[in-house]
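To keep things clear, I will list the structure first and then write my remarks on it.
Read-outs: derived from the displayed coordinates by stated rules, not from any lab. A quick note: this is a predicted structure, and the numbers were derived from the prediction, not measured. All Cβ positions, even for glycine, are placed from backbone atoms using ideal geometry, and neighbour counts span all protein chains on display.
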Amino acid sequence: MKILVTGGTGYIGSHTAVELIQAGYEVEILDNLYNSKESVLDKIAEITGTRPVFHKVDLLDFPGTLEVLRRGFDAVIHFAGLKAVAESVEKPILYYENNIGGTLNLLKAMRETGCRSLIFSSSATVYGDQGVARLDETMETGRGITNPYGQTKFMIEQILRDVCAADSDFSAVLLRYFNPVGAHASGLLGEDPNGIPNNLMPIVMKVSTGEIPELSVYGDDYPTPDGTCIRDYIHVVDLAKGHLAALAKLQPGCTVYNLGSGRGTSVLEMVKAFEKASGAALPYKIVGRRAGDLAELIAVPDKALSELGWKTELSIDDAMSDTLRFLGKNH
Ligand code: UD1
């Protein structure tokens, strides 16, 4: 089976490309390298022995995208998109244009070339604020989304539902990720965002290397046992494997799965786990709450287990030691 991975040099895309190649899939990558490096392809080659065919193409370039799709693919896994929440609030047009426009171009190119299977990199952010901690796929989405990034994920989900409704042969799987963390066990691949990071683990990594003096913990007055927010952190390799499970079960229609562990970890527990793995104290200070943060968000991952036979296997401690191995090889 031949798979196109958009955004395949990025954090989750590269780990998924590795798992796909190791499982025997033929993989090609399309990426504009906006937030990733071409050298990731060498790392994928080092791990798997195969360097995927690479297309440096922006999905907003329709002729370029069509040319890639003309090579013929059985399915597309669509990661490419902008993902910085705060930036999306400042630059909504950029986010809507890139994420929605890019997806529409991809779908048009798929239609023109007869490819009708897509796995979409969605996010738990589509649940908005449900007023409860545990989120399952039956919940109504879209209410209480606080930023354009989240809106684009919600809107793309809707677009894919409509595409499936209009074309009974189209297969779409919407994978709602919880909080991806960790790195490849080889230490060769990991999260390496360009510019100033927004998410917890990339900031923790930069604090540990001294590039950022200390972690600001956003609030310790939430209604949780230690007062800091709780999230469902999922090892990126487990997450990557979720895409292979979805690929194996592709069927016409639009299906949605949470990809999470079902377990919650607080910000301070994440700090402690990192300190345990590194053997060094991580400087942090408690500051005020960050706008838009919710106290507790945890996946109900039962549907992915019962229908895809997928569940997480790696722990927070695995994620921390893999992150440190990646840091050791890259700093
Ligand atoms: C965020 C986005 C979410 C997006 C996801 C992508 C928000 C409100 N939500 O999720 O839409 O899908 O990233 O990965 O931005 N924290 C600190 N200090 C920091 C950074 C984070 O204390 O410097 C805390 C946050 O308050 C939160 C936890 O760490 O409780 C995780 O934060 P983050 O990694 O940004 O993920 P989310 O906010 O869950």
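Need one word for region 40-194: rounded, prolate or oblate. Basis is the Cα gyration tensor (sqrt eigenvalues a ≥ b ≥ c); a/c below 1.5 gives rounded, then a/b vs b/c decides.
oblate
By how many degrees, 0 to 90 and rounded to 10, does the Cα axis of helix 102-113 deviate from the longest principal axis of the chain?
30
If you take every residue apart from residue 296 with its C-beta less than 11 Å away from the C-beta of residue 296, what net charge results, scoring Lys and Arg +1 and Asp and Glu -1?
It works out to a net charge of 0.
Could you work out the local net charge near residue 238, counting Lys and Arg as +1, Asp and Glu as -1, over the other residues with Cβ closer than 13 Å to its Cβ?
Numbers: positive: 241, 263, 311; negative: 19, 232, 313, 318, 322.
In short, -2.
Taking K and R as +1 and D and E as -1, what net charge do the other residues with C-beta under 9 Å from the C-beta of residue 252 add up to?
Working: positive: 116; negative: 167, 169.
Local charge sum for residue 252: -1.
Quick one: plug the Kirkwood hydrodynamic radius of region 222-286 (C-alpha pairs) into Stokes-Einstein at 25 °C, 0.890 mPa s, and report D in µm²/s.
Answer, rounded: 169 µm²/s.
Can you tell me the 0 to 90 degree angle between the C-alpha axis of helix 236-248 and the longest principal axis of the chain, rounded to 10?
Helix 236-248 and the main axis of the chain meet at about 30 degrees.
Round to a whole angstrom and tell me the spacing of the C-alpha centers of region 222-258 and region 100-122.
Their Cα centres are 22 Å away from one another.
Using only helices, what value at 222 nm comes out for the chain when you add -39,500 (n - 2.57) per DSSP H run of length 4 or more and divide by the total residues, to the nearest 500 deg cm²/dmol?
After summing the helix terms and dividing by residue count, I get -11000 deg cm²/dmol.
To check you understand DSSP bridge types, tell me what percent of the beta bridges within the chain (both residues inside) are antiparallel, rounded to 5.
On the way: 2 of 43 bridges.
Counting DSSP beta bridges with both partners in the chain, the antiparallel share is about 5 percent.
In the P(r) worked out for the chain, what percent of Cα pairs fall beyond 28 Å?
Values: 20615 of 54615 pairs.
Summing the P(r) of the chain above 28 Å gives 38 percent of all pairs.
Answer rounded, prolate or oblate for region 14-76, using the Cα gyration tensor with square roots of eigenvalues a ≥ b ≥ c: rounded when a/c is under 1.5, else prolate when a/b is larger than b/c, else oblate.
Verdict is oblate for region 14-76.
Of 2/329; 91/153; 153/241; 2/91, which sit over 25 Å apart, Cα to Cα?
Exceeds cut-off: 2/329; 2/91.
Can you tell me how region 89-166 classifies by the Cα gyration tensor, rounded, prolate or oblate, using a/c under 1.5 as the rounded cut?
The shape class here is oblate.
For region 272-331, divide the Cα radius of gyration by the Kirkwood radius and give the resulting Rg/Rh value with two decimals.
1.09
Can you give the FRET efficiency to the nearest 0.05 for residue 48 and residue 209, using r as the Cβ-Cβ distance and R₀ = 41 Å?
For residue 48 and residue 209, the calculated efficiency is 0.90.
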